[in-house]
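What follows is calculated from the coordinates using simple rules that are stated; it is not laboratory data. These numbers come from a predicted model, not from an experiment. Don't worry about glycine lacking a Cβ; one is built from the backbone with ideal geometry, like all the others, and counts go over all protein chains shown.
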Amino acid sequence: MPGTARLSWSSGTERLQEDLDWVILRQALEQTHDKYLQRQQQQQDVGRGQFLAVQNKFGQRLHDVISTLPFIDDPLRELELSGVVDDCKRLTSIQPFLPFLTNLKLQWRKTSTFHMDQLLLSFLKNARLLQTSLEDLLPQTQQLHELRLINLLRNEWLYWPFFSDVSYSWNDLHRCLQRVPHNLSSFHFSVQDQTMPDSDLKAMIFDVCPQSTEWTFRAKDLTPTLTRYLSELANVVTSLELYWPERVHSSLDSGLHAYLCASPHLVHLKASSIALLFDHLDVHHRGDSYYSRLYSQDHCLSSTNHANNNHNDDPIATGPLRVWKCRNLRTLHLAFHNHGLSLLTSPVHSRVLFGYISRVCPQLRDLEIHIPEQTRWAHDQHFPNLDMRLQGGLCLLTRLKHLESLRLGRVQQCMTFDPVHLNWMVASGHSAKYKEERRKIAASWDECILKETRQVDRGTERTQINCSSKNMEGVAGDQLEHDLKHLGLVLDVKEMVDEMDSTDYRCLPVLQRVSIFNDHGIGLRPADELMRLFPPKSFKLFR
């Protein structure tokens with residue numbers, strides 16, 4: 001671990017094993033910290049002798065010079081602990097080894113408790129505290145840069161009498177912040193089951209830290225009024241996090257899609273608990289019953305028709321559709337739903353989803369796509385919400401040349417198809433053998449491509465994409481309109497498969513972590529994730 005600056009540790013559910021793992025973690029942190037201090041002392045002792053060795057390096061053997069230099073590294077700066085870490089004594093046991101820590105994230109189960117007098121954090125979510133104590137603390141922390149009190153919890157019988165009178169007042173906190181000099185660059189305040197009036201939201205934005213470019217809000221507070229406030233800030237918003245304690249469906253008037261269509265400066269969007277309507281992305285309405293019928297032999301047609309019959313009169317289905325303007329987005333964490341049904345099982349759905357994101361957000365580094373789980377079909381336990389086979393278009397994400405982290409879904413799923421549909425993610429999947437197998441699969445789409453072409457030529461699509469004239473600008477808008485021409489069609493995937501066949505093509509060249517329908521969010525290397533997905537057939541990946 002020497003030189004480790006960021007560490008993410010997740011515990012299991014078995015108590016005995018968890019105890020043993022924690023001992024190992026504590027020992028590793030202690031040893032790493034001690035070695036770092038030793039290296040710092042050595043660096044001070046070397047002093048001028050080290051400088052002279054570097055100056056004379058051209059007259060010495062290289063390894064002799066390197067051996068005189070201190071190990072160049074950083075101490076542990078960021079630590080994330082998740083799982084069943086519900087013992088206060090454990091956390092305090094590692095506190096002496098974290099003097100250089102700048103970021104600590106604790107993600108515990110709901111019933112866990114922690115006493116804040118043992119450790120002070122600036123980022124609190126789902127916390128329960130006495131506001132008077134917080135107001136007493138703020139004058140002593142004038143160098144605090146980030147104060148986000150998200151979804152503060154009120155009284156519950158479980159915590160009585162430890163918190164006998166827990167209540168919160170935005171007006172009192174507002175007055176406290178106005179009295180106390182501060183350097184806050186990021187701020188948020190919200191209380192569980194309480195709606196912030198527009199006037200309070202405006203005060204929070206314009207009075208506390210109007211120069212901030214990073215904002216956190218609860219999903220239900222994101223209204224057209226709030227987005228208007230954000231657009232009136234002197235500095236443009238580059239980072240937006242939308243929080244909600246439970247996974248919910250975003251209503252049509254939530255304002256999120258409209259905000260994305262009007263925010264060219266947004267760089268980071270974290271809203272994995274917010275489900276955006278699939279139709280907002282389906283700019284050519286190819287998720288309708290006609291295109292879905294092309295795949296009825298492999299999917300449940302009744303569910304698809306049910307989903308589409310529910311929105312025949314929806315204004316979104318007939319009006320002009322807008323396209324996101326955040327072309328420089330680096331981080332995207334978002335969920336999608338389909339008119340109340342979480343199932344987006346048709347390959348048309350997945351092709352639209354992957355195709356839209358890869359075309360509209362080409363600069364992505366960190367991508368998370370989720371489908372709400374609470375409306376899943378009980379008998380559909382082994383088929384993913386998104387079609388992960390080749391015709392589903394996951395390979396369209398290979399357009400994202402800078403993608404480093406990919407996460408799809410949270411619920412464990414089994415892959416019942418051949419690994420050739422996904423092994424293009426690793427170098428071994430681009431052998432002549434596997435390229436030929438993918439060509440055979442793509443050749444079976446010829447009849448479908450012909451039907452799609454006829455459908456497009458008939459001009460039966462209800463509307464055309466409306467991006468170049470009103471929602472994009474100049475050449476960029478014209479190019480995007482061209483890029484989205486085949487969105488949702490199997491032809492889009494066919495062209496991608498042909499492109500991957502070229503000898504100099506590299507799929508996802510910097511991808512480091514992948515998590516596909518796995519409840520472990522950290523992710524694995526692409527090859528390791530494929531072996532996890534296809535354990536009986538994993539030997540095929542490296543033959």
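Okay, here's what the table says:
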{"quantity": "Extension gain, Leu20 back to Arg365 (0.36 nm per residue minus Cα-Cα distance, nm)", "calculated": "120.7 nm"}
{"quantity": "Cβ-defined net charge surrounding Ile449, 11 Å radius [Lys, Arg +1; Asp, Glu -1]", "calculated": "-2"}
{"quantity": "Length released on extending from Val411 to Arg228, taking residue separation times 0.36 nm less the Cα-Cα span", "calculated": "62.3 nm"}
{"quantity": "For Ser263, residues with placed amide H under 5 Å, excluding near neighbours", "calculated": "Lys325, Cys326"}
{"quantity": "Spin-label pair Asp501/Arg439, simplified geometry with 7 Å Cα→Cβ offset, distance in nm", "calculated": "0.5 nm"}
{"quantity": "Estimated FRET transfer efficiency (Leu137, Ser199; beta-carbon r; R0 22 Å; 0.05)", "calculated": "0.25"}
{"quantity": "Computed lengthening from Ala5 to Arg525, 0.36 nm per intervening residue step minus Cα-Cα distance", "calculated": "185.2 nm"}
{"quantity": "Residue-wise HN-Hα coupling along the range 28-34, computed from phi with Karplus coefficients 6.51, -1.76, 1.60 (Hz; x: Gly, Pro)", "calculated": "5, 5, 5, 5, 4, 5, 4"}
{"quantity": "Estimated inter-spin distance, Val510 and Glu404, nm [label 7 Å along Cα→Cβ]", "calculated": "0.7 nm"}
{"quantity": "His174 paired with Asn328, simple spin-label distance in nm, labels 7 Å along Cα-to-beta-carbon", "calculated": "3.3 nm"}
{"quantity": "FRET E, pair His482, Ser428, Förster distance 51 Å, beta-carbon r, rounded to 0.05", "calculated": "0.90"}
{"quantity": "Calculated FRET value between Glu30 and Ala127, using beta carbons and R₀ = 35 Å, to 0.05", "calculated": "0.75"}
